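A short write-up of the structure that comes next.
All of the numbers you see were taken from the coordinates with simple rules; none came from a lab. Remember, it's a predicted structure, so these values are computed and weren't measured experimentally. We place every Cβ from the backbone using ideal geometry, glycine too, and count neighbours over all the protein chains shown.
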Amino acid sequence: MTLQPRSTDAQDLDRPPMISVVIPALNEEQEIEHCLESLSRQTHTDFEVIVVDNDSTDATASLARSCGVQVLEETQQGISCARQAGFEAARGSIIASTDADTVVPPNWLALIEEAFRERPQTVGVFGPFRYQPHSAPNAFTNRISPYCSTCLVAAQWVTWKLGYPHFPGSNFAVERGAFFEVCGFRSPSNGNFYSYWEDVQLGLKLNRIGEIRYLPDLIVLASGRKLRSVRRNILYPAKQAVALHLLRKEL
């Protein structure tokens, strides 16, 4: 599988694509080919893919290059650093984000493009993610992962309605100029990278300067491999949510 150029015409190759897809990756040799394969089946073809290799020690970078995508090396480890580097390298007027362990549907980019075209005041869009079947680390978690997906989808919709859009890193897109206007995945106050929920904090900043749209049909499948414990997956995020939304702290 190879992601082909948008066109063989030299002028078209020099023209910036409409959409840039940024994928941060750290030691993702087991997952990244599935992600890139799903992008190779997109019905919208005017896009580029940038994989940000975040100092991997496995074959992540070489596998991505073999699929014909641009690989950007970012040696400073951290999801915010990796995403920022990819977004800064992106040439598209729309920048879409997904993760290396995520599979997107064939109409993913088409739905994103349509949402921005329909409402020019839109600065960001996002959609739900569901856990891939049998991708969690144990049998019990695999049994409950569909219910976890349902709860997360409901929470996304509710927080968006309340004015607190929670972008999932695996499934959102932003208008390029708006991203840089709000300093991306950095704090506007001190320039530091966010250490947690960089995607959510980006969405909250964008919501202050333009329209954020929640697209319920923009569904991706993400790995459930990180569903490991109540403390890690429920208690700690709840604590961070209190700090972010109630105490107004940057994370």
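Structure notes:
- Counted by Cβ distance under 13 Å from residue 209, the other residues give a net charge of -1, where Lys and Arg count +1 and Asp and Glu count -1.
- Using a Gaussian network model of the chain in which every pair of alpha carbons under 10 angstrom is joined by a spring, one finds that among 109, 162, 72 the greatest mean-square fluctuation is at 162.
- Of all complete DSSP H helices in the chain, those with a Cα span along the helix axis of 24 Å or greater and a mean Kyte-Doolittle hydropathy of -0.5 or more are 139-161.
- Gyration tensor (alpha-carbon) shape descriptor, the range 81-172, a/c threshold 1.5: prolate
- The chain: relative contact order as a whole-number percent, Cα under 8 Å and 6+ apart: 21
- For the range 97-141, the set of GluC sites (Glu not before Pro) satisfying both a DSSP loop assignment and a count of at most 13 other C-beta atoms within 10 Å is empty.
- Euclidean distance between Cα centres, the range 181-201 to the range 43-98, Å: 19
- Gaussian network model of the chain, Cα within-10 Å springs - most flexible of 225, 15, 41: 15
- Of 220, 52, 158, the residue with the greatest mean-square motion in the GNM of the chain, using alpha carbon springs below 10 Å, is 158.
- Stretchable slack from residue 154 to residue 40, in nm (0.36 nm times residue separation minus alpha-carbon distance): 38.1 nm
- Shape class of the range 176-239 from the alpha-carbon gyration tensor: oblate, with a/c at 1.5 or above and b/c at least as large as a/b.
- Against the set (i) 18.2; (ii) 17.1; (iii) 13.3, the structure's computed mean projected area of the Cα convex hull in nm² falls on (iii).
- Taking a point 7 Å out from the Cα of residue 134 in the direction of its Cβ, the residues of the range 213-235 whose backbone N falls within less than 16 Å of it are 223-225.
- A helix-only calculation puts the chain at -10000 deg cm²/dmol for mean residue ellipticity at 222 nm, using -39500 (n - 2.57) for each DSSP H run of at least four residues, averaged over all residues.
- Beta-bridge orientation, the range 14-246: approximately 30 percent antiparallel, per DSSP, counting only bridges with both partners inside.
- The modelled label-to-label distance for the pair residue 183/residue 240, using points 7 Å beyond Cα in the direction of Cβ, is 1.9 nm.
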